Amino acid sequence: MLILSRLRWVLLPLAWAVCCCAAPLRAASPPLEVFAVSDAVRVFEDGVGNSDQRQAEMRVFGLRNEIVSAQCVVQAHEALSDVTVSIDSLKQADSEAAIPAENVRWNFVESIFIEDNTPKVNQSDLIRAAPARFPDCLGEARQCSLAPGGLKAVYWTIAVPRDAAPGEYRAAVTVTCGSAQASLPLVLTVCPLTLPDERHLMVTEWFSTSQFTKHHGIESLESERFFPMLRLYAQNMAEHRQNVFRVSLNLVRATRAADGNLRFDFSEFDRWAQVFWDTGRMDLLETGFVAHHGEGGWSSPEIRLSSFSVKAETTGKSENLSGEEYLPQFLPALVEHLRQKQWLDKTIFHICDEPADHNVMVWREASDFVHRHAPELRRVDAIETPHCLDRLEIWVPKLDHLSTWQAAFEDAQRQGNELWLYTVGIFQGGSLPNKTVDVPLIDSRLLHWLNYRYGLNGYLHWGFNAWTDDPINAPGKHRGDGWHVYPKPDGLLDSLRWEQMRNGIQDYECLWLLENKIAQIKATLSPRAADLIQPSRRGVEIASQVVRTYTDFDRNPDVLYAARRQAIDETLALDASPRMIIQTNPPEHSTVANNCSIDVHGWVEPGTKIKINGREVPVAADGLVVQETPPSREGTVVVEAENGQGRTTTVRKFRLQFEPAAKKSPARTD
């Protein structure tokens, strides 16, 4: 006790000294600081759930003609007002090359209020318990205020010019509040590849003009502001690589002549469609919906052809004609009109939204009816059934159904049908990528890695702008899933999810560039070598590092970016000698027995020597390589190639099935 008493008197002065020394340090803390985080995460203003992995610089990479994104965070150590952000010129240190200032944009990230979390989603997939405010909207304010300890995310987009010189560009980002400043570098690496203008993934977000009055103050279609606003919508979609647009058949005006025949005026339909074609970035026109669910909506066992309004030319009175009477005249006229406009091959046609097992048989009758009168139209529908048979050319199952009934949908794909997917947040079960604002932000991007991984041709989503009256403070039951943009009187504000969705589509194109490069080389090879090469195989293997299966995927942004960089590097490597295309059975990352043989086949430039796991193997005169080899103890197959111009090494990794260790005999106790 005496020792403890003496220690107390020794320690108390020391503690007092520490406190006295610490106080000036706290007082000297800067009013604010700024640090970088991944662009694929949400940063909560109160700091909940935010990672401690603060980065000293925003470091990003991308292709020419691509829009890349970055994110930094301002943290306040005292109450701050009028905080603003600036950036100097983004340029190369060793040349005159620079990114134009207008190509670099930043926005403070605003949050929306979620009353309760998305149902059906696994709790482990939610990033935070509601009620809370979730970051999503890219605001247009140029200044913000922060409470002590508060955080504010700043989201950056950089449009890399098509003619940008490859290499590293640097700029300083400065955050200012009065006399206080903090800064960090923005470092952009431009790779010597160009993102194609052509889209190789079909993407549609359904939009509506019914919100024009509430959120844009546009009273009617006759308003002089209506079509400029529609053009702004179309341009925003195109900028985010949406390339499929929807136009309603209700825009077609039908009249009945004195002889009883129907006549159709497509002028308004054409005017709307032309707005989207004029972006120069649209590939498909989406229309139709000539049938609807019976009483009770989606749960009804009935699907009926819709009725259509027709005006009598003689009296001016309107009447409703049944689909059975209207469509046999309308559908051939529509086909002929689309053919004259040269839109027929670019049109996809809906029958009825979301048929399911309980009404698919009557849906098939409606689809047959349409096909009899317009066999030229390609049919598409979001479906909740695998029983569409030959009544549909483009199958669009909901993601949870696609995952559950995978074999049935892939069978339809093998029969020549296109396979897309669609999501609808609150009605999607399980642990799958989703788009409500309370799931990880990266999910919006992973969807398109999933598209490439499984050879899907497109993505459909129901909500571009299905806003509530107050999408910021009362977003309603869909928890943000009903929109990807936010309204302002004169236009739109983007969201984090919309930006990440574009990033995911660009990721898809990076994988496609690798596939295309392999396809180009394949076209030059001997028939026997070409027959062994599947151009999409390598991209699928790289994508499977991020999306292993529908339900097994990695939400770590570092994993995604490493795979993206690998796709870019391997594409570039195919322009350097010795060129080599190596494929394996089974594909890379498969689980194999540790004593099995891996089939290694492909092509190398003739005259190249190669070794597989250290053993030199023969190369045919046409560059053909066909060998089998066991994986190494580490589960790898290493292929080394060398010729007079250089050398290169390719590694394929596999998961080995090691036998469990033998159990030890129990120790004797006697």
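The values are calculated or read from the model by the stated rules, or taken from the named source; none is laboratory data. All values derive from a computational prediction rather than experimental measurement. Neighbour counts run over all protein chains shown; Cβ positions are idealised from the backbone, glycine included. Only protein heavy atoms, including side chains, enter the accessible area calculation; ligands, DNA and RNA are left aside. Shrake-Rupley method; radii C 1.70, N 1.55, O 1.52, S 1.80 Å.
Some values worked out for this structure:
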read-out: Extension reserve of the V48-V626 stretch, reckoned as 0.36 nm per residue once the Cα distance is removed; value: 202.6 nm
read-out: Largest to smallest principal axis extent of the C-alpha atoms in the range 335-385, angstrom; value: 39, 19, 10
read-out: Pairs beyond 19 Å (Cα-Cα), from K120/K435; K311/K341; K609/K653; K611/K653; K91/K152; K91/K517; value: K311/K341; K609/K653; K91/K152; K91/K517
read-out: The chain, relative contact order [Cα under 8 Å, separation at least 6], %; value: 11
read-out: Built amide H within the under 5 Å cut-off of F61, gap 5+; value: T189
read-out: Rule-of-thumb Rg ratio for the range 345-459 [Cα; 2.2 N^0.38 Å; N residues]; value: 1.09
read-out: Solvent-accessible area, 1.4 Å probe, carbon plus sulfur percent, for the chain; value: 51
read-out: Equivalent ellipsoid semi-axes - Cα gyration tensor, the range 297-370, angstrom; value: 25, 20, 9
read-out: Environment charge of H401, counting only residues whose C-beta is closer than 12 Å and scoring Lys/Arg +1, Asp/Glu -1; value: -3
read-out: Accessible-area ranking of K311, K488, K341, largest first, probe 1.4 Å; value: K311, K341, K488
read-out: S306 accessible area, assembled protein chains, probe 1.4 Å, Å²; value: 20
read-out: Cβ-defined net charge surrounding L493, 9 Å radius [Lys, Arg +1; Asp, Glu -1]; value: -2
read-out: Whole-angstrom Cα spans of the range 94-179 along principal axes, big to small; value: 53, 38, 20
read-out: Rh (Kirkwood; distinct C-alpha pairs) - the range 508-560, Å; value: 12.4
read-out: Label point distance in nm, L574-R372, each placed 7 Å from Cα along Cα→Cβ; value: 4.8
read-out: Mean ellipticity per residue at 222 nm, deg cm²/dmol - from DSSP H runs of n ≥ 4 across the chain, formula -39500 (n - 2.57); value: -8000 deg cm²/dmol
read-out: Alpha-carbon gyration tensor eigenvalues x 5, square-rooted, for the range 196-344, Å; value: 29, 19, 18
read-out: Sequence of Y561, Y508 when ordered by accessible area, the most exposed leading, probe 1.4 angstrom; value: Y561, Y508
read-out: Heavy atoms of W298: accessible area, 1.4 Å probe, square angstrom to 10; value: 110
read-out: Residue-span extension gain [F427 to D470] - 0.36 nm each, minus C-alpha spacing; value: 13.3 nm
read-out: Hz values of 3J(HN,Hα) by residue in the range 569-575 - Karplus curve (6.51, -1.76, 1.60), Gly and Pro given as x; value: 4, 5, 5, 5, 4, 6, 9
read-out: Longest to shortest principal axis, alpha-carbon extents of the range 400-505, angstrom; value: 48, 24, 21
read-out: Normalised contact order of the range 326-443, rounded percent, pairs of Cα under 8 Å and 6 or more residues apart; value: 19
read-out: Residue-span extension gain [E410 to A165] - 0.36 nm each, minus C-alpha spacing; value: 84.0 nm
read-out: Bins of 5 Å, starting at 0 and running to the largest distance - Cα pair percent for the range 444-553; value: 2, 11, 17, 16, 14, 12, 10, 7, 5, 3, 2, 1, 0
read-out: Cut-off under 5 Å, modelled amide H: who pairs with S590 long-range; value: R655
read-out: Debye log10 I(q)/I(0) for the chain, one point scatterer per Cα, at q = 0.10, 0.11 Å⁻¹; value: -1.08, -1.23
read-out: Compactness relative to 2.2 N^0.38 Å, alpha carbon Rg of the range 527-666; value: 1.17
read-out: Mean projected area (nm²) of the alpha-carbon convex hull when the range 125-232 is viewed from all directions; value: 13.3
read-out: K120, K517, reordered so the largest accessible area comes first (probe 1.4 Å); value: K120, K517
read-out: From phi via Karplus (6.51, -1.76, 1.60), per-residue ³J(HN,Hα) for the range 332-347 in Hz, x at Gly/Pro; value: x, 5, 4, 4, 5, 5, 4, 5, 5, 7, 6, 10, 4, 6, 10, 10
read-out: Three-way shape label, the range 249-408, alpha-carbon gyration tensor, a/c 1.5; value: oblate
read-out: Length-normalised contact order for the range 451-565 - Cα pairs under 8 Å, 6+ apart - percent; value: 22
read-out: Estimated vicinal HN-Hα couplings, Hz - the range 234-250 in sequence order (Karplus 6.51, -1.76, 1.60; Gly, Pro = x); value: 4, 5, 4, 4, 4, 5, 9, 6, 6, 9, 10, 10, 10, 10, 6, 5, 5
read-out: Cα-based shape type of the range 237-321, given that a ≥ b ≥ c are square roots of the gyration tensor eigenvalues and the cut on a/c is 1.5; value: oblate
read-out: For E78, solvent-accessible area (1.4 Å; no DNA, RNA or ligand), Å²; value: 90
read-out: Average accessible area per residue (Å²) across the chain - probe 1.4 Å, nucleic acids and ligands excluded; value: 45
read-out: Three-way shape call for the range 427-487 based on the alpha-carbon gyration tensor, with the a/c threshold at 1.5; value: prolate
read-out: For G49, residues with placed amide H under 5 Å, excluding near neighbours; value: none
read-out: Net charge contributed by nearby residues that have their C-beta within less than 15 Å of E57 (K/R +1, D/E -1); value: -1
